[in-house]
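Read through the structure below, which is laid out as structure tokens, and then see the notes.
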């Protein structure tokens, strides 16, 4: 079930990405458009890198072993969902 839900999450993100890019393309012109796509690319690149580091840190942290080991990586979304 967990793998299926993760696949559904990835599919949803893949479906939304063209709309995000099209919206940025319509909302911004010229240099603003280049800046918007540059910022979007930088954020996506940083998120891809930092998420791997954060996941490894959560798994390796001594507190994670007390709470549930590798399952700790799933709890990182709880505060984001609440916000």
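Determine, from the Cβ-Cβ distance of residue 8 and residue 75 and an R0 of 25 Å, the FRET efficiency 1/(1 + (r/R0)^6), rounded to the nearest 0.05. Provide the component values of the computation, followed by the final result.
Numbers: r = 19 Å, r/R0 = 0.77.
After rounding to 0.05, the efficiency reads 0.80.
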Subject >> the chain - mean residue ellipticity at 222 nm from DSSP helices (-39,500 (n - 2.57) per run, n ≥ 4, rounded to 500) >> reply: -28500 deg cm²/dmol
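Can you sort 26, 76 by how many other beta carbons sit within 10 Å, fewest first?
Numbers: 26 9, 76 12.
The order, fewest Cβ neighbours first, is 26, 76.
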Subject >> Cα-based helix-to-principal-axis angle, 2-27 vs the chain, degrees rounded to 10 >> reply: 20 degrees
**OP:** Sort 1, 21, 72 so that the residue with the fewest other Cβ atoms within 10 Å of its own Cβ comes first and the one with the most comes last.
**Re:** 1, 21, 72
Original post:
How far, in degrees from 0 to 90, does helix 30-60 lean away from the longest principal axis of the Cα atoms of the chain, to the nearest 10?
Top reply: 10 degrees
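FYI, it's all coordinate maths here, none of it is from the lab. All of these numbers come straight from a predicted model, not from anything done at the bench. Neighbour counts run over all protein chains shown; Cβ positions are idealised from the backbone, glycine included.
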